[in-house]
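Below is one structure, written out as structure tokens, with a few remarks after it.
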Amino acid sequence: MLFESKLTPPEIEGRLERVLLTVQKPGRYVGGELNITIKEWDSVKTHVALVFPDIYDLGISNMGIKILYDQVNQRTDSLAERGYSPWLDMEAVMREKDIPLYSLESKHALANFEILGITLPYETLYTNALNILDLAGIPLRTKDRGRDHPLVIAGGHACFNPEPMHAFIDAFVIGEGEEIIHEIIDLYQSWKDKTTPRNVLLESLSQIPGLYVPSLFEHSYHEDGTIAKFTSLAKTTQTPILKRIVGKLPPPPTNFIVPNIEVVHDRFTVEIMRGCTRGCRFCHAGMISRPIRERSVEEIVNAAEEAIRATGYQQFSLMSLSSSDYTHILELVTALNSRFGDDHVTISLPSLRIDTVSVDLMDRLGSRKGTGFTLAPEAATERMRRIINKFIPDEQIIETAKAAFEHGWTTIKLYFMIGHPSENLEDVKAIAKLCNRILTEGRQIAGGRAKLNVSIGTFVPKPMTPFQWVACDTPEMIESKQDILRHKLRDRNIKLTWTAIEDTLLEAWLTRGDRRLSEVIHTAWKNGAKFDAWQEQHRYSIWMDAFSSHGLDPDFYTHREREVDEIFPWDNLSAGVRKTYLFQEFKNSIEGVIRIDCREQCFACGILPTFADLRRDNPGDVWGCPEVKSPRRNKEKLP
Ligand code: SF4
């Protein structure tokens, strides 16, 4: 074993036995679930801990961890185990009794693993990630780690702007992890067999396509605080670092771990496709996860069958960013229906388009009417829908809602966002008007049982999207818009929820933050910030103090409109979509120009030339992009 840990697994288990009954939900901390993989520790060369930096109840459903757990455990020379953030009560006990953070499978301290993979799907997990490192006894900063410390890597959607976490993470995976995880393990193993120092490992890792090693770059700034340039400290590192994708989605994991306690999403999930071509301009996932790649109907049905056999679940969900756009959606629903229709299996199909076909699809799947029918118009005026490129006329929304009521749903869940670029108060009032109209229509069909759950998010401009140049609403603007909705949506059958302003601001600071925010995050964490994704835990004043102690103005990151030619902290990376394309889309939004689904007409976003070889290797309608007819070249130009 490479690392010496203070406590052995039996010692950790011994201490746990004495404390577990003193904390809430001890089942979060014991492991032993159905379908976990436990390998003999000494039988493998490389031990990988996969960590979700929030509580078990949420992290157990994370798809990224399921995929990597499956991939690593397929190797005979490696093992993967899991770790999650302990809730506050457990953390206090662990610190008091000196119990290091450990893996659920074998109870090894996380510091004993050679590789620690942290998933960062959203920014509000950053302080929890620091807390994980601290509880594991691993130096927080990459510069303080030596040969005997785990290699700390991170992946997930938030890593498309990794800079705010650059000081703490040795390497970021940009993009999809199925292939790159094996390259990281192979390289780690060959480094471990030698005696070279850790910086040699980091430099070698930077040669793996899709892996960003932040310590190999320096950022310098203009006097106004914007970035002047990036300097590569390693001669061989090429920029921009292009995201990794798989040309064909590998077989989906089916051997899902079944928790022993009640968790938030207690079902298994089959990913039916990756990517989205709708082109909603606010949508980070839609821009960074292109191109569309689909699984076949047969593969999905077989995977569902296998997972039901392996887990005993009677509920599963089909995952994608836009299920209606799955090419064979009707065929899939028919196949699932005929296979599971008589078996009392509940199938949910989230992210459906707003049209009556979606109601039919949900109905055919026997979707539970009690859970509500979900519609996400995001905006309520034609002007605003043109700006965000999600053009769904009011009548289509009303007809869909009516169809849902007629098919027996009594609750409609509606998702809107306030704070879109150039939104005015009339656009906000229109949200209330549309909701009230839907409720009136619902009452005519379902009487007093008709209900609406209206969720109002606040738009946060995201990196690598057409809105990366725009300012976020100020707290005063957000408050006045929320007040309008609170005032106008008072019917007792309307349940209104909204995002707290402090949560929006935190996300907005971090998502377009630069590397100077590492110190802000560190100070905020030291002063007690954690579980920032939990509204009741988020403490605004700690963050404001952290900004001020480092002489940084939070408004610089949120309420500032960016110049056209500003260098962004994430410009060192590429999701394959050209910045010029994003800017054209930004201009289109100002002019109200709509772009249709790019599967109907390719708008040359940059994905196809960037990944032309992968497209050539995967012909047919597996991809949403047009086929590449030109002959293969030795080297494709980066965008
Ligand atoms: S290359 Fe064309 S079809 Fe493919 S994602 Fe970009 S715009 Fe859409």
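The values are calculated or read from the model by the stated rules, or taken from the named source; none is laboratory data. Since the structure is predicted, the reported quantities are computational estimates derived from the model, not experimental observations. Neighbour counts run over all protein chains shown; Cβ positions are idealised from the backbone, glycine included. SASA here: full protein model, heavy atoms, side chains in, ligands and nucleic acids out. Shrake-Rupley method; radii C 1.70, N 1.55, O 1.52, S 1.80 Å.
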Reachable lysines from LYS429, criterion Cα separation under 18 angstrom, eight or more residues apart if same chain: LYS481, LYS488, LYS495
Integer Hz, Karplus 6.51/-1.76/1.60 couplings in order for the range 325-330, x for Gly and Pro: 8, 4, 3, 10, 4, 5
Other-chain or far-sequence residues with amide H under 5 Å of ILE418's (modelled H): GLY457, THR458, PHE459
Between the range 561-593 and the range 1-76, the alpha-carbon center distance in angstrom: 41
Length added when fully stretched, VAL564-ASP98, from 0.36 nm per residue minus Cα-Cα: 162.6 nm
Order of exposure, largest accessible area first, which applies to TRP570, TRP534, TRP525 with probe 1.4 Å: TRP534, TRP525, TRP570
Pairs of Cα atoms farther than 15 Å apart, the range 289-350, %: 50
Isolated Cys in the chain, by beta carbon distance under 4.7 Å: CYS159, CYS276, CYS435, CYS472, CYS598, CYS602, CYS605, CYS625
Two-decimal ratio, the range 261-312, of alpha-carbon radius of gyration to 2.2 N^0.38 Å: 1.49
By average C-beta atoms within 10 angstrom, highest first, the peptides 57-67, 483-493: 57-67, 483-493
Largest to smallest accessible area among LEU34, LEU130 [probe 1.4 Å]: LEU34, LEU130
Amide H within-cut-off set for PHE611, under 5 Å, with H built and near neighbours excluded: none
Helix-only CD estimate at 222 nm, as mean residue ellipticity for the chain, using -39500 (n - 2.57) per DSSP H run (n ≥ 4): -10500 deg cm²/dmol
J(HN,Hα) series, the range 292-307, from Karplus relation 6.51 cos²θ - 1.76 cosθ + 1.60, nearest Hz, glycine and proline x: 6, 10, 10, 8, 7, 4, 4, 5, 5, 5, 4, 5, 4, 4, 5, 5
Separation of the THR474 and THR196 label points, Cα + 7 Å toward Cβ, nm: 5.4
The range 556-620: mean projected area of Cα convex hull, nm²: 6.1
Angstrom value of the Kirkwood radius, inverse mean 1/r, which spans all Cα pairs in the range 220-278: 17.4
TYR84 - accessible surface, heavy atoms, 1.4 Å probe, Å² rounded to 10: 20
Debye-sum result for the range 475-595 in log10 I(q)/I(0), which assumes one identical scatterer on each alpha carbon, at q = 0.12 Å⁻¹: -0.66
Cα-based equivalent ellipsoid, the range 180-335: semi-axes from gyration tensor eigenvalues, Å: 38, 23, 15
Amide H partners (placed H, <5 Å) of GLU114, local residues excluded: HIS47
Projected area, mean over directions - the range 407-534, Cα convex hull, nm²: 10.0
Overall Cα dimensions of the chain, principal axis frame, Å, largest first: 72, 61, 58
Contact order relative to length of the chain, as percent, for alpha carbon pairs under 8 angstrom and 6 or more apart: 14
GLU13-GLU426 FRET efficiency (beta carbon distance; Förster radius 51 Å; 0.05 resolution): 0.25
Whole-Hz ³J(HN,Hα) from phi, Karplus 6.51 cos²θ - 1.76 cosθ + 1.60, for the range 581-591, glycine and proline x: 5, 4, 5, 4, 5, 5, 5, 4, 5, 5, 8
